[in-house]
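Below you'll find the structure, written out as structure tokens, and then a few comments.
The values are calculated or read from the model by the stated rules, or taken from the named source; none is laboratory data. Predicted, not measured: the structure shown is a model, and the values here were computed from it. Glycine gets a Cβ as well: all are built from the backbone with ideal geometry, and neighbour counts include every protein chain shown. Note: accessible area is taken over every heavy atom of the protein model, side chains too, but ligands, DNA and RNA are not part of it. Shrake-Rupley method; radii C 1.70, N 1.55, O 1.52, S 1.80 Å.
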Amino acid sequence: TTPPPDPPTPAATPSTVHCGQVIRASTLVANDLTGCLGEGLVIGAPNIVLDLDGHTVESGLLLEPGEEDGLVAGIRNGGHKNVVIRNGTVRGFGLGVLLTSGTTHNVIEEMTLEANVLAGIQLLDADDGRNGNLIRDNVLAGNGEAGVSILSDSENSVFIDNILASNGGVGFHLVDSSGHRIENNVVDGISTNPLIDSDAGAMLEGSSDNVLLGNRMSDAGDAGIQILAGSHRNLVEGNVVLRNGDAGVSIQDSHGTQVIDNLAQLS
């Protein structure tokens with residue numbers, strides 16, 4: 001469908017926010033949030049911009065891998081459409097930014113998502129059956145299980161020009177999700193944390209009709225791109241996959257995938 005008009009820009013005067021605050025109007029943030037014991041910020045309305053203006057939202061809990069139950073997000077959008085989240089850092093939560101069921105036409109851009117236990121960004125059924133979201137120009141580093149996790153029938157989002165470095169498990173992890181475009185991203189699996197191990201640049205499980213185009217994926221333990229059982233009709237084109245442990249591109253129990261013009265070295 002035709003995308004909605006851009007949401008109104010925030011007022012020029014920054015606003016002070018607090019941990020757990022529900023954001024219902026376009027906001028330019030004036031302060032860092034540190035020591036949050038629950039969620040950092042919650043999107044509470046459609047058609048708004050949350051501009052962190054370079055500030056940080058940081059959890060006050062000491063979270064470790066293996067403590068996944070009940071973990072919350074630094075910024076959560078629970079279904080509001082046409083929201084822009086930009087220009088800041090989210091650190092130390094269960095999830096950096098979480099988009100849940102019905103969330104569409106959101107833009108996440110120019111964010112740094114680091115040291116979150118589960119993922120820097122998670123999409124959980126984040127679509128309306130036709131429309132997804134746009135994730136661009138972000139840095140995701142040192143997150144525990146994935147840089148980006150795309151789960152539970154999320155559909156039709158675009159991930160472009162992101163940098164994923166030293167994330168545990170997988171750079172892009174798609175589970176039962178389809179129609180996504182993952183383009184021109186850099187995924188570096190070299191870990192700076194001895195407790196974190198990288199498995200793949202991108203892993204698709206039961207995820208069909210996705211496009212992986214022009215990405216650079218290196219130094220994963222298993223394969224640069226893993227397409228696992230039930231992941232059909234995917235397109236893998238023009239990617240560079242370097243120094244991955246088992247294979248450049250691995251496909252198991254899936255049909256119809258096209259692998260075109262990729263460069264795989266030292267795998």
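Take every pair of alpha-carbon atoms less than 8 Å apart whose residues are at least six positions apart; their mean separation over the length of the chain yields a relative contact order of 10 percent. Surface exposure of the chain, expressed per residue as accessible area with a 1.4 Å probe, stands at 40 Å².
Put simply, the amide H of residue 34, placed in the peptide plane, has neighbours under 5 Å in 58, leaving out anything fewer than 5 places away on its chain. Stretching the chain fully between residue 32 and residue 53 yields a gain of 6.6 nm (0.36 nm per residue, less the alpha carbon separation). Charged side chains reduced to their Cβ positions (Lys and Arg at +1, Asp and Glu at -1) give segment 102-181 a dipole of some 120 debye around its Cα centre. Probe 1.4 Å, all protein chains in place: accessible area of residue 232 in Å², nearest 10? Probe radius 1.4 Å; accessible area of residue 232 about 40 Å².
Just checking the listed ones, 141, 73, 247: in the Gaussian network model of the chain with Cα springs under 10 Å, the one fluctuating most is 247. Carbon-plus-sulfur accessible fraction, the chain (probe radius 1.4 Å, protein heavy atoms only): 49%. Here the calculated FRET efficiency for residue 243 and residue 158, from their Cβ-Cβ distance with R0 = 35 Å, stands at 0.80, rounded to the nearest 0.05. Set against the labelled values [x] 148; [y] 110; [z] 219, volume of the Cα convex hull per residue in Å³ computed from this structure falls on [y].
Only alpha carbons enter this Debye calculation for segment 177-267, each as an equal point scatterer, and the log10 of I(q)/I(0) it gives at q = 0.16 Å⁻¹ is -0.56. Each of 48, 19, 71 was scored by the projection of its Cα onto the charge dipole of segment 1-92, and the greatest displacement toward the positive side belongs to 48; charges sit on the C-beta of Lys, Arg, Asp and Glu. Once backbone amide H atoms are built at 1.01 Å from N, residue 17 has 30, 31 as its partners under 5 Å, excluding neighbours fewer than 5 places away on the same chain. Each label was represented as a point 7 Å from its Cα along the Cα-to-Cβ direction; for residue 263 and residue 235 these points are 2.1 nm apart.
In a reduced charge model with +1 at each Lys and Arg Cβ and -1 at each Asp and Glu Cβ, the chain shows a dipole moment near 600 debye about its Cα centre. Counting only protein heavy atoms and using a 1.4 Å probe, the accessible area of residue 203 comes to about 30 Å².
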